[in-house]
1. How many of the residues making up segment A:204-239 are free of Cβ contacts under 8 Å to residues at least 12 places away in the same chain and more than 30 Å from B:Ala46 (Cβ to Cβ)?
2. Within segment A:237-250, can one find any residue that is surrounded by fewer than 19 Cβ atoms within 10 Å (Cβ to Cβ) and either under 28 Å from B:Asn130 (Cα atoms) or within 13 Å of chain B (Cβ to nearest Cβ) (or both)?
3. Suppose the filter is farther than 14 Å from B:Leu169 by Cα and buried (at least 18 other Cβ atoms within 10 Å of the Cβ); does B:Arg114 pass it?
4. Considering only segment A:22-34, I want to know if a residue exists there that is in a helix (DSSP H, G or I), closer than 30 Å to A:Asn203 by Cα and aromatic (Phe, Trp, Tyr).
5. Taking B:Ser139, is it surrounded by fewer than 21 Cβ atoms within 10 Å (Cβ to Cβ), modelled with pLDDT under 90, more than 7 Å from chain A (Cβ to nearest Cβ) and in contact with a Ser or Thr (Cβ under 7 Å, 6 or more places away or on another chain)?
6. Sort through B:Glu10, B:Glu85 and tell me the only one that's at the interface with another protein chain (Cβ under 10 Å from one of its Cβ atoms) and in a helix (DSSP H, G or I).
7. Go through segment A:186-214 and give me each residue that's surrounded by fewer than 23 Cβ atoms within 10 Å (Cβ to Cβ), among the hydroxyl-bearing types (Ser, Thr, Tyr) and not in a helix (DSSP H, G or I).
Amino acid sequence: MENFKNLPIVKKLGFNRIILVLVLIAMYFIFSLGSGRMLGQSDLMNALNMVDYLGFLALGVTFVIATGGIDFSIGPVMVCSGLIAGRLLVTFGWPLWLALIMCVVVGMIFGVFNGILVAFMGLPSFISSMASMMLAKGVGSVFTHVQNSNWPASGAPNSGYKYFVSYNGIPTGLIFLLVVTIICSILLNKTLIGRYILCIGSNREAVRLSGVDTRKWEALAYVICGTLAGIAAITYVGVITQVQPGLGDEFNNNAIASCVMGGTSMAGGVASIGGTFIGVLIISLLRVGIQAMGFRPDYQYIITGIIVALAVFADIRSSARKK
Amino acid sequence: MFEQSARWNEYYRELEPARRRELLDQLCMTEPDDGANDYRRMLFRARHVDEKQPGRVVDRFLFNCLNFAQIWSSAKWFRKYARRETLQTLDAMLAGRAGEYGEAGERAFYWEIRNAAARYLKTCESSGYNRSLFGMIASGDESRAERVCRDVWRMSEGLAERLDLRGQLRLWNRAVQDAYFMSDPGAQRRFEEYCEKNQS
């Protein structure tokens, strides 16, 4: 095993990332065997539907975890954005483009709010994001009078938002996500913004003494996260169409599990955008695979819970080994 | 090669930029000039003075300790880019100009970096350093010591090895590692073990 780890190609790609890809491939065959048929195009398209919105959520939360914080509000913020924009579109007759912009703006506002609470007011991210999670659920419910927000169905007027997920069988959502993944990767690894975010996660006090405004850059991580939750809302409504108030918690776990599984350290300072993307693919395939094997969808919660626990354990073990 | 007078030692032991400025001005006037006083002033300016906001105190060399560790992490891909970034950072720290002032210049550069590294190591004692689980759990002393060792390795030996910049980072590495070895009695042994474990 040590010899394999020391191979130049393994060092370059990263041992953990190779293991993740192997896990992904193994899962495909295990689920195919378990369900008695090879998972086909429709299963994979089904998995991709989830990849779209979960991917944006996971990318966003990667920035926050890189600072050493956490954001438990991403799922409810995504649902809240979908609810508000949907009501503006359908009930108030806003044009589609404006409603979609509103999705992103709502996410961004929650990001700014979280950023102020954590970076400027010094609240622990764990607590403040719990607060904004409740706030997002409440705002969504109040704004829609606890009614579902029904976005126009395919073929109806104003249904163009569905092109963000699929267009004539082309998985545009995945292409969109890949483009944003590349942008996020460059932002985190090759720009000063990303460097500051990672350095804050690594040693906040040293960054502060260097003269860098840590509050500003930490807050920016939350704004990026909120904005990506808003973008996730566009693909979420593209898949779901009917958005229910009060939901969203389950997406937090999946997004955070994807990040940690992908190699982002819960201690901050280390983040892998590529790893997060592979983590999202694994979680999404897991959901489809469990359904294909004939289990009820609620089993997915059990398995995701076990995976989160294992990912956390592996993260702690691996940081202990690295030291 | 790196030995100097007790007064200059005092200057390089001081970690507060404002006090360092006072000492620098004093020592440049009272101590015999070894030919590197101009260079020392240039290093101070490059490290602590923000030309755009003169009242603001910065510490670019301290930031570069963190920066080099992060470059190490991101240098798996686009190594040329990381190499260029490292060399540009060394240039901004006036590393290339040390030679112009001979042995005294190299000594001044070494001690300036050693001072920055000592300040970095001081920040590692803060309660916010090396917290786990989204900042919720503080680490124990042993875990903290191991993490510091990893950071020092990444910003010195690891970076030089990964980017093949041993020559350019010679003084930097020596200064950072010496500062680390002086910070804790078990540091040198821990560092050597870490180097052995990470030899490619």
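1. So in segment A:204-239, the residues free of Cβ contacts under 8 Å to residues at least 12 places away in the same chain come out as A:205-211, A:213.
Still in the list and also more than 30 Å from B:Ala46 (Cβ to Cβ): none.
Qualifying residue count, segment A:204-239: 0.
2. no
3. On the way: farther than 14 Å from B:Leu169 by Cα: no; buried (at least 18 other Cβ atoms within 10 Å of the Cβ): yes.
Here the answer is no, as B:Arg114 does not meet what is asked.
4. So in segment A:22-34, the residues in a helix (DSSP H, G or I) come out as A:22-34.
From the residues that got through so far, the ones that are closer than 30 Å to A:Asn203 by Cα too are none.
So far as segment A:22-34 goes, no, none of its residues is in a helix (DSSP H, G or I), closer than 30 Å to A:Asn203 by Cα and aromatic (Phe, Trp, Tyr).
5. On the way: surrounded by fewer than 21 Cβ atoms within 10 Å (Cβ to Cβ): yes; modelled with pLDDT under 90: yes; more than 7 Å from chain A (Cβ to nearest Cβ): yes; in contact with a Ser or Thr (Cβ under 7 Å, 6 or more places away or on another chain): yes.
Answer is yes for this residue.
6. Working: B:Glu10 fails: at the interface with another protein chain (Cβ under 10 Å from one of its Cβ atoms).
Within the list B:Glu10, B:Glu85, the selection yields B:Glu85.
7. A:Thr191
One line per residue, one yes/no per condition, for (1) at negative phi; (2) at pLDDT 90 or above; (3) of a type in the set (Gly, Ala, Ser):
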| residue | (1), (2), (3) |
| --- | --- |
| B:Lys122 | yes, yes, no |
| B:Arg131 | yes, no, no |
| B:Ser143 | yes, no, yes |
| B:Cys149 | yes, yes, no |
| B:Gly158 | yes, yes, yes |
| B:Leu163 | yes, yes, no |
| B:Arg170 | yes, yes, no |
| B:Asn198 | yes, no, no |
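The values are calculated or read from the model by the stated rules, or taken from the named source; none is laboratory data. Small disclaimer: the values here were computed from a predicted structure and weren't measured. All Cβ positions, even for glycine, are placed from backbone atoms using ideal geometry, and neighbour counts span all protein chains on display.
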